[in-house]
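Please read the structure below before turning to the comments.
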Amino acid sequence: MMDIHQILKLLPHRYPILLVDRVLEIESGQRIKALKNVTINEPFFMGHFPHRPVMPGVMMLEAMAQAAALLTFHTQGVAPDDKTVYYFAGIDGARFKRPVEPGDQLIMDVSLERAKAGIYKFKGITRVGDEVACEAELMCTMRTIA
């Protein structure tokens, strides 16, 4: 379990891009289950779409990547510093199965498939209740910046 205060210590993201509110379960080196409460106050709803607010699919992918980063930091027992950035290296097989709307609670299940040469590959599934909203394979890497 991780609350928002612990998440803020690990992820560099802040409003409006921080997309993980709580970690419900974490198994080091294996998997993470995290949640994002989706509210009408999200800035992207102003334009996506004013007549029918729907969370952009890329934001769901970003939320899963942030959960993946938390799993990586927890597994390695490190907290990133100002010189470390955790980047997307690839997204495969992204599928969007259900629109996500204000009032929904996203539950992100992300499992580590493999780690090789600094590239981490994850399988992510995001649900609202029992319904799959989004699924994808995510590849991420950590880089040191100047």
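Every read-out reported here was derived from the displayed coordinates using simple, explicitly stated rules and does not represent laboratory data. Small disclaimer: the values here were computed from a predicted structure and weren't measured. Heads up, the Cβs are rebuilt from the backbone with ideal geometry, glycines too, and the neighbour counts pull from every protein chain shown.
Observations on the structure shown:
- With a Förster radius of 25 Å applied to the C-beta separation of ASP81 and ARG22, the computed FRET efficiency comes to 0.55.
- Relative contact order [Cα under 8 Å, 6+ residues apart], the chain, whole percent: 25
- Extension gain (nm, one decimal) between ALA115 and ALA146, 0.36 nm per residue minus Cα-Cα: 8.7 nm
- Residues whose amide H lies under 5 Å from that of ARG22, counting only those 5 or more places away or on a different chain, are LEU35; hydrogens are built 1.01 Å from N in the peptide plane.
- ALA133 long-range amide H proximity, modeled H, under 5 Å: THR126, ARG127, VAL128
- Value at 222 nm in deg cm²/dmol, rounded to 500, when DSSP H runs of n ≥ 4 in the chain each add -39,500 (n - 2.57): -6000 deg cm²/dmol
- Computed packing ranks the peptides 98-110, 77-89, 114-126 as 98-110, 114-126, 77-89, most packed first, by mean other Cβ atoms within 10 Å.
- Segment VAL132-HIS5, extension gain: residue separation times 0.36 nm, minus the distance between their alpha carbons: 42.9 nm
- When peptides 9-20, 62-73 are sorted by average Cβ neighbour count within 10 Å, with the highest value leading, the order is 62-73, 9-20.
- More than 19 angstrom apart: percent of Cα pairs within the chain: 49
- Karplus-based coupling profile of the range 10-22, in residue order and whole Hz: 9, 8, x, 5, 9, 3, x, 9, 5, 10, 10, 9, 7, with θ = phi - 60° in 6.51 cos²θ - 1.76 cosθ + 1.60 and x standing for Gly or Pro.
- For the pair the range 9-47 and the range 63-82, the centres of their Cα atoms are 12 angstrom apart.
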